[in-house]
């Protein structure tokens, strides 16, 4: 306690401590002087010898101060103030250095935040790291996943019999029509088991969640709203609890509102379902009550239980269920469990890993840029540093002072990086499309939270160590005698550091080259996607999914009457040229048959074939070209004639050069549909061109088109071709459907171009923007470093260049001399970067579409662009060198 009080007094009474130290040193100095006088030495000489013996009072006082921690804190404070004054004096240097660090730290923090919040910890649910999605793997055919949807009683069996899970929840999509102000509106619903609240561990923002009583037969119908839907439809009104709304013609009471980050299934409303609901003896794709047949299953693995152990426990139950539902289980299968975030994120994690590598390269470029600036600045201060050392400052003291200046730059860069990350994440959150890349869970909170801030601070400190220590150590190793003798730039010492600076520039150019190659490949991939020809016209195509109410329009005749009326009215809209009915959405695809039967064509492997149920207007609406035979006619559709039009891939694959016209084909999938005609053969009447899927290196698949009136099951899709802006038809489209039948809802009407932008082009565009930004910033920083080194090199060679000019050197010779050095630096960096790119680009192949990782255009244009930019950076210093006045240059030191 006494020692602590003594330290505190010394810290708070530094002036008194300094006075006592002066008195003590003066006393010792006078005593030593008196001793010399007693030996007969004159007083003045005695005082001089005493001072020499002490080695300098100020230096002795400095050594005494460094022995106390409170003086160390005071010295550190003085260093900070001195560093701030120096940076304020050299504003240009400070601005460039802080900007470089801000860009490097800011982009690194943004990517880390996306990775941390969107991949590692995206969910607000209880024990989210133990949430696993249950799936079935077809081990015989090697498919990635046979299925991950189950009957409700299957999930209930998993829940009862496995010991590896704390609980399992089932949830599925629920087609909902909300009668709002007497107008039907589609709502994205989710129907789930009543254990959802306990399972997810998220309390409602308002009201309560479900319990077992809410799912019992005869219980009052209830509904829980999502936060977004509550804000959208009810303006965040807290009195909404107890309100009754009409969903699918049934009044349900709102009992709760979930918090903002509860985004399960991206649903608007949640309703409970009983675990023990009656299941039909044979399953089709719909039920009379409109409830889903199949559900997703997610389990909470017990602590300490591995995924393999949990899957083995499920396997026992699944083996029993496969005997009850043989059509739903392959002959050889294996139960699997995958972390929930891994299932959603998928291959986007690899994109983020590559982006993290890119921002690390950017951070290295920015750090080496600042290190280069510090080398130059310390070289210019060589005489000042030598003078401080001569006056008694130790090397550790000088290194600490110089490092404090670097630390100030690092802290300023950290602050700027955090601000950049904050606004960058706001852009990521608010930019339309980015929030639903389809890879990051909607529950993820893309904000600058504490873990991300801690990462930014640690990153800034590591960066400070990276760029601050080496220049500081090299600065104090200079020859003091030489530095003190000169009054300007020490050319010899500067040239020793020039090699280090040149090496840093070569490294920056090499890293920039690597980033340019990465970005160039992403650009080429994006261009390949946007210029891809799917075999149809994607512009001007409007579509919408028509959802029919349960127990209405169940026959093919009733659906045909509805579509005949609607299509006739849509055809009268301005700009509309063609209309059609289909089941699938070209070129995305349609349902298919696992096998087909063709008389006289036996085959061992199954012939997987896509099937689309279409109207006669489908082919001109989509833009398919007839290659042989004829297309479906209005009479074929009206009479549900058993005819089919196939694509060229089916004709080539199944008929091997024979004429398919007039041949018969049976789609075995229809034999498994209870309400469709069985054992039906279709006569092939025409062949059309292929529709190619938007998948890299994915060939066209066999496809058949039959009249949509073949049977009446399921909803249908309307396609509209327009020569004007198709998005302008959305409102008239909705109005015509509502006027035809207020109970029918058009779900997610959109244009095909908009769908492609959201689901096909969005991820390549994200890669282009992110990698392109890193490459552009890295290139800019590398050019700044190159310009700085070349400018300083010209400064060091001023005297030499003046001699050359005085001896008659032509300006062109001077230009060649300076540009040659710049070309050497740029060429060395490009060569090193090209070699690095050649060895590493293979890891990008999975992220590319239609382009090889060794794309020759990229590997040629990237170094040429970098060379041109590098020469431009060297041109200004070289031009300045040619304009030197030899008289001034000869006097330059």
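Derivation of every value follows stated rules applied to the coordinates shown; laboratory data play no part. Values in this document were obtained by computation on a predicted structure and should not be read as measured data. Glycine gets a Cβ as well: all are built from the backbone with ideal geometry, and neighbour counts include every protein chain shown.
Details
- Size of the range 690-800: Rg and Dmax of its alpha carbons, in Å, are 27.7, 93.
- Under 13 Å from a label point set 7 Å out along the Cα-to-Cβ vector of residue 625, the amide N atoms of the range 501-534 belong to 534.
- Legend: calculated FRET efficiency, residue 845 to residue 823, from the Cβ-Cβ distance at R0 = 41 Å, rounded to 0.05, equals 0.80.
- Exposure proxy ranking for 874, 418, 774, based on other Cβ atoms within 10 angstrom of each Cβ and starting from the fewest, stands as 418, 874, 774.
- Figure legend: label point modelled 7 angstrom from the Cα of residue 121 along Cα→Cβ; residues of the range 322-356 with amide N under 16 Å from it are 341.
- Projected-area average for the range 152-218 over all orientations - Cα convex hull basis, square nanometres: 6.5
- Range of Cα positions in the range 767-849 per principal axis (Å), largest first: 60, 21, 18
- Cα→Cβ-extended label distance, 7 Å offset, between residue 528 and residue 303, nm: 4.8
- Annotation: extensible slack from residue 569 through residue 198 equals 128.5 nm (criterion: 0.36 nm per residue apart, minus Cα-Cα distance).
- Calculated FRET value between residue 349 and residue 739, using beta carbons and R₀ = 56 Å, to 0.05: 0.70
- Sequence of 867, 691 once ranked by neighbouring C-beta atoms within 10 Å, starting from the fewest: 867, 691
- Most to least packed among 642-652, 147-157 [average Cβ atoms within 10 Å]: 642-652, 147-157
- With the convex hull drawn over the C-alpha atoms of the range 147-329, the volume per residue is 123 Å³.
- Here the gap between residue 429 and residue 668, fully extended at 0.36 nm per residue and compared with their Cα-Cα distance, gives a gain of 81.4 nm.
- Calculated FRET efficiency for the pair residue 213/residue 852, C-beta based, R₀ 51 Å, to 0.05: 0.25
- Backbone N under 15 Å from the residue 642 label point (7 Å along Cα→Cβ), restricted to the range 667-711: 667-672, 676-685, 706-707, 710-711
- Order of 171, 681 - criterion: other Cβ atoms within 10 Å of each residue's Cβ, fewest first: 681, 171
- Relative frequency of Cα-Cα separations exceeding 25 Å in the range 83-180, percent: 59
- Spin-label model, residue 836/residue 274: points 7 Å from Cα along the beta carbon direction are separated by 6.6 nm.
- Whole-Å semi-axes of the range 553-742's equivalent ellipsoid (Cα gyration tensor): 29, 19, 14
- Extension gain (nm, one decimal) between residue 807 and residue 727, 0.36 nm per residue minus Cα-Cα: 21.4 nm
- Peptides ranked, highest mean first, by Cβ atoms within 10 Å: ranges 293-300, 600-607, 573-580: 293-300, 573-580, 600-607
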